[in-house]
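The structure appears right after this line, and notes come after that.
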Amino acid sequence: MNDTKTYGEFKTSWCPGCGNHDVLVAVKEALAGQGILPHQFVMVSGIGQAAKIVHYLKCNGFNGLHGRALSPAQAVKLANPEMTVLVESGDGCTYGEGGNHFLAAIRRNVNITLIVHDNQIYGLTKGQSSPTTMTGHVTKNNPLGVVDQPFNPVAVAVAMRAGFVARTFSGFHEHAVKTIVEAMRYPGFALVDLHSPCISFNKLNTFAWYKARCKEVSHDPGDWAAAMTVASTFGEEIPIGVLFREERPSKDAQLPQCAGEALYRKTVDMEAVKRHMLAYA
Amino acid sequence: MVEIHVAESPRSWETKEIFVHEELHLIMGGEAGQGLDTVSGLLGKAVVRSGRHLLAAQHVMSRVRGGHNNFRVRIGSRPVQGPPDTFHLLAAMSRESVELHKDKLKSPGVILADAAWELPDTPGLVAIPFAELAARPVFRGVALLGVLGAMFGLEASLFEEQLSEQFKAKGDEIVSSNLRVLAAAMKWAADNAPRLPLPPAEGPGGLLTMDGNQAIVLGALAAGVRFCGYYPMSPATSIAEGLVHAAVEMGVVVEQAEDEIAAANMALGASYAGARSIVPTSGGGFALMTEAVSLAGVSETPVVFAVVQRPGPATGLATRTEQADLELVLYAGHGEFPRAILAPATLEDCFYLTHKAFDLAEKSQGPVFVLSDQYLASAARSVAPFDLDGLAPITNPDLGDTDPGNYRRYNWDEPISARRIPGHGESLVLADSHEHDEVGHIIEDGGIRVRMQDKRQAKMATLLAEVLPPEFSGDEEPDLLLVGWGSSCEVLREVTAQLRDNGTRAACLCFTQVWPLLPDTFMPRLEAAGTVVAVEGNSTAQFAGLLRKTTGFHIQDTVLRYDGRTLTTGFVMERLRPILEAL
């Protein structure tokens with residue numbers, strides 16, 4: 001069994017006290033607990049404060065474009081189903097710029113784990129509202145308060161019958177680690193909406209605010225209707241834990257091309273190419 | 001090209017035979033949904049199997065039913081280049097088609113039309129009793145096929161075999177109905193229509209019939225493509241469809257993405273994981289992919305984009321052709337990074353250049369483009385089987401794992417750093433969209449930035465070492481030099497031959513790689529020529545502009561086509577007339 005030191009220590013550019021530090025530790029513990037070594041997984045991210053995490057632990061990493069983390073991540077898994085694939089980015093990257101990819105990834109059900117550092121604000125660009133910013137929240141770009149309704153990622157995911165939908169909070173360390181491990185063990189697309197406070201630009205959704213509201217769920221996660229109700233709850237109470245769970249074969253497990261060795265190991269069968277060519281005779 | 005002579009007037013039916021030499025030109029017109037594409041495909045394959053050379057270009061509207069489509073077929077004893085402008089034979093499946101195309105008939109020419117239209121007696125009219133030959137409209141395509149087959153003197157077996165294959169999934173009843181209609185139509189034509197024998201079969205036989213996109217698919221398969229990310233868009237979609245067809249057998253994952261942005265980013269993820277990747281698209285879709293092009297540049301990830309052009313701006317003309325996205329592809333993606341753009345001129349190029357594109361992408365660790373167009377993509381042509389055994393091997397990533405603790409993905413000791421594959425060994429592979437250090441970690445240091453930018457840009461040397469020089473043909477030190485690229489080249493070669501036959505000292509310079517350019521390989525040709533004319537399928541002479549930017553050489557005269565139609569020999573000859581007069 002390895003420990004978190006396996007993944008190294010890196011100097012970060014996150015603010016002291018940022019929830020991202022806690023997420024990083026939780027991810028390292030989840031990896032260590034499962035005995036996954038740095039070369040055995042790929043971490044993919046987009047752009048934002050959360051997305052920098054690729055640079056703060058030893059890993060195979062693909063730090064791509066804003067909003068586009070899910071696209072390369074799914075392709076990595078399809079190209080090499082042996083790899084464990086983790087995606088980490090923020091709420092703006094995943095639900096805003098990457099909204100369409102989020103919906104498509106749920107439908108596609110490739111066996112990857114998406115951990116969204118959800119701080120309900122834009123941190124990297126310093127304080128603009130994000131898709132999960134609450135209505136009425138006064139932000140830099142909404143001096144009169146946010147008019148738009150917030151996006152509820154877990155309710156959308158449950159509505160779409162994503163196979164594994166969970167919510168947790170970086171301030172509840174054990175809960176976060178346990179949830180990440182469970183998500184990684186789920187054999188399909190798993191969403192962890194991980195509330196991780198931004199101490200610099202979100203003075204509303206603070207550690208204390210989440211701590212007072214996050215409560216472990218008690219419903220049967222296999223009960224879709226109950227899960228819809230729980231996932232739709234966000235406010236005075238924020239249900240955390242596995243909100244919905246349903247087993248179905250992942251895409252990478254279903255495509256015959258993905259069976260056996262990784263795609264890069266396959267050699268060109270020139271006789272087969274020739275057959276395809278001569279079919280035009 | 002030798003002009004074609006019709007020996008007998010089609011009015012003198014008593015001879016029942018019209019001779020064409022070397023080539024026969026046919027146009028078939030009708031509505032979408034009448035099955036003309038099927039007829040064109042079946043006829044084309046039969047013609048090629050009979051030993052003739054073929055080109056069948058399609059002019060279709062962006063609709064599933066109605067409108068007016070036409071297929072222009074050129075059949076020859078020897079390889080044929082470019083679609084014809086005038087025709088020996090018009091096969092009309094709609095009345096509108098007669099009106100639209102009768103002016104394009106050579107004199108004399110033959111018109112096949114439905115007897116039910118009761119057209120006034122015109123020279124060359126052959127009225128086919130479609131209602132008798134095909135009880136249901138759905139069989140009229142096959143009836144036309146039978147009439148054409150009999151007129152051309154083709155064996156019924158050339159069609160029977162194909163019809164049985166094509167309709168077997170629909171059941172024996174459908175197959176036998178088609179065969180009955182075919183037989184009836186062939187018999188009717190033998191008794192009632194003039195014979196129009198095809199030019200003699202001279203070649204060695206064994207030719208294949210395919211279109212440019214199918215050749216791109218084969219080129220990709222031969223290169224070991226493993227991943228295709230796409231979003232449907234005419235005229236590129238059939239590349240993805242071709243790969244889907246081969247996917248399971250050949251071990252290719254073909255993912256229809258939620259949008260073009262995802263398609264391109266998926267291809268980069270797959271390539272990072274070691275899978276050779278292709279992204280087929282057209283201008284509008286490619287425009288959405290440009291940020292990913294930039295990511296391929298900075299992350300040094302190999303990827304092949306097959307950009308099949310159609311007219312823009314925006315939605316433009318969805319099913320027509322143009323060469324107006326050279327500048328889009330050349331400048332796509334913010335920031336500066338090397339790229340190569342290959343522009344196939346022929347079906348053979350579609351195959352060999354796509355194969356080469358995969359090698360260049362891995363060698364230079366970046367984006368490489370195959371810039372085709374709707375004409376090349378959809379025109380079916382006869383072609384000799386590609387030389388699979390003679391293909392150069394494709395460069396591989398570094399499949400080693402030496403000293404994994406010190407592996408640096410962006411090692412700048414060489415412009416081309418060893419690209420390892422995540423999970424292959426213990427080496428950790430970092431790909432980053434930021435400016436980064438040698439390992440791949442985000443940096444802001446100006447010195448590292450400059451060194452890393454210089455390292456990436458130095459890969460131009462790798463691309464320059466592999467540049468395909470333009471092909472020159474015609475008279476040395478010509479009075480008239482035609483310059484073209486991509487699909488305009490075939491027409492230029494034919495125009496050059498005609499000009500030389502007419503006594504003009506002419507030549508053409510045909511580029512199948514439009515970036516990077518190596519001026520030494522063509523400047524002496526430009527400088528030795530009298531008048532130089534750029535011939536392109538766009539309205540601003542984009543390639544001539546690129547040549548001027550790169551070399552300072554200003555091509556003043558242009559022949560440009562941007563009505564969505566293919567450049568043809570007739571079109572170019574017509575526009576060259578004032579230039580020729582001024583020589």
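The values are calculated or read from the model by the stated rules, or taken from the named source; none is laboratory data. Keep in mind the model is a prediction, meaning the values are calculated, not measured. For neighbour counting, all protein chains shown are included, and Cβ atoms are generated from backbone atoms with ideal geometry for every residue, glycine included.
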- Task: Quick one: count up the residues across region A:229-256 that are touching a residue at least 24 places away in the same chain (Cβ under 8 Å) and within 14 Å of chain B (Cβ to nearest Cβ).
- Result: 5
- Item | Scan of region B:51-75 for residues that are at pLDDT 95 or above, more than 15 Å from the chain's Cα centre (by Cα), farther than 14 Å from B:Val39 by Cβ and in a strand (DSSP E or B), ordered by number | B:His53, B:Arg74, B:Ile75
- Total residues in region B:417-444, condition surrounded by fewer than 18 Cβ atoms within 10 Å (Cβ to Cβ) and away from chain A (no Cβ under 14 Å): 1
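When you check B:Gly229 against the structure, is it surrounded by 24 or more Cβ atoms within 10 Å (Cβ to Cβ) and in contact with an Asp or Glu (Cβ under 8 Å, 6 or more places away or on another chain), yes or no? Give the derivation first.
Values: surrounded by 24 or more Cβ atoms within 10 Å (Cβ to Cβ): yes; in contact with an Asp or Glu (Cβ under 8 Å, 6 or more places away or on another chain): yes.
For B:Gly229, the condition - surrounded by 24 or more Cβ atoms within 10 Å (Cβ to Cβ) and in contact with an Asp or Glu (Cβ under 8 Å, 6 or more places away or on another chain) - is met.
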- Number of the condition not met by B:Asp259 [criteria: (1) more than 7 Å from chain A (Cβ to nearest Cβ); (2) surrounded by fewer than 21 Cβ atoms within 10 Å (Cβ to Cβ)]: (1)
- Here are B:Ala46, B:Ala113, B:Ala91: which of them is among the aliphatic types (A, V, I, L, M) and free of Cβ contacts under 8 Å to residues at least 40 places away in the same chain? B:Ala113
- Within region B:383-400, which residues are surrounded by 13 or more Cβ atoms within 10 Å (Cβ to Cβ), over 21 Å from B:Val304 (Cα atoms) and at the interface with another protein chain (Cβ under 9 Å from one of its Cβ atoms)? B:Val383, B:Pro385
- Task: Go through the residues of region A:12-28 one by one and say whether even a single one is touching a Ser or Thr at 6+ places or on another chain (Cβ under 6 Å), more than 22 Å from A:Tyr122 (Cα to Cα) and within 14 Å of another protein chain (Cβ to nearest Cβ).
- Result: no
- Checked pairs for region A:86-109, first within 13 Å of another protein chain (Cβ to nearest Cβ) and aromatic (Phe, Trp, Tyr), second assigned to a helix (DSSP H, G or I) and surrounded by 24 or more Cβ atoms within 10 Å (Cβ to Cβ), C-beta under 6 Å and 6 or more apart or across chains, list as A:Phe102/A:Thr94
- Message: Which of the numbered conditions does A:Lys52 fail, given that it passes all the others? Conditions: (1) over 27 Å from A:Ala262 (Cα atoms); (2) part of a helix (DSSP H, G or I); (3) more than 9 Å from chain B (Cβ to nearest Cβ); (4) of a type outside the set (Ser, Thr, Tyr).
- Response: (3)
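Output the number of residues of region B:202-226 satisfying the condition of being assigned to a helix (DSSP H, G or I) and surrounded by fewer than 21 Cβ atoms within 10 Å (Cβ to Cβ). Break it down into steps so the answer makes sense when it comes.
Applying the first criterion (assigned to a helix (DSSP H, G or I)) to region B:202-226 yields B:212-222.
Of the ones still in play, those that are also surrounded by fewer than 21 Cβ atoms within 10 Å (Cβ to Cβ) are none.
Summing the residues that are assigned to a helix (DSSP H, G or I) and surrounded by fewer than 21 Cβ atoms within 10 Å (Cβ to Cβ) in region B:202-226 gives 0.
Which ones in region A:60-83 are among the hydrophobic types (A, V, I, L, M, F, W, C), closer than 16 Å to A:Ile115 by Cα and assigned to a loop (DSSP other than H, G, I, E, B)?
Step one: filter region A:60-83 for residues among the hydrophobic types (A, V, I, L, M, F, W, C), giving A:62, A:65, A:69-70, A:73, A:75-76, A:78-79, A:83.
With closer than 16 Å to A:Ile115 by Cα added as a condition, the list becomes A:62, A:69-70, A:73.
The one that is among the hydrophobic types (A, V, I, L, M, F, W, C), closer than 16 Å to A:Ile115 by Cα and assigned to a loop (DSSP other than H, G, I, E, B): A:Ala69.
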- Query: Which pairs have Cβ atoms under 8 Å, sit 6 or more apart or on different chains, and link a residue in region B:190-206 that is over 19 Å from B:Pro129 (Cα atoms) to one that is of a type in the set (Gly, Ala, Ser) and surrounded by fewer than 16 Cβ atoms within 10 Å (Cβ to Cβ)?
  - Reply: B:Pro197/B:Gly153; B:Leu198/B:Gly153; B:Gly206/A:Ala281; B:Gly206/B:Ala384
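Within region B:364-475, considering only strands (runs of 3 or more DSSP E) that don't extend past its boundaries, which have at least 2 residues that are modelled with pLDDT under 95 and touching a Gly at 6+ places or on another chain (Cβ under 7 Å)? Walk me through it before giving the result.
Values: elements: B:367-373, B:380-383, B:430-432, B:471-474.
So the answer is none; nothing clears 2.
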- How many of the residues in region A:100-128 are within 20 Å of the chain's Cα centre (by Cα), assigned to a loop (DSSP other than H, G, I, E, B) and not hydrophobic (A, V, I, L, M, F, W, C)? 6
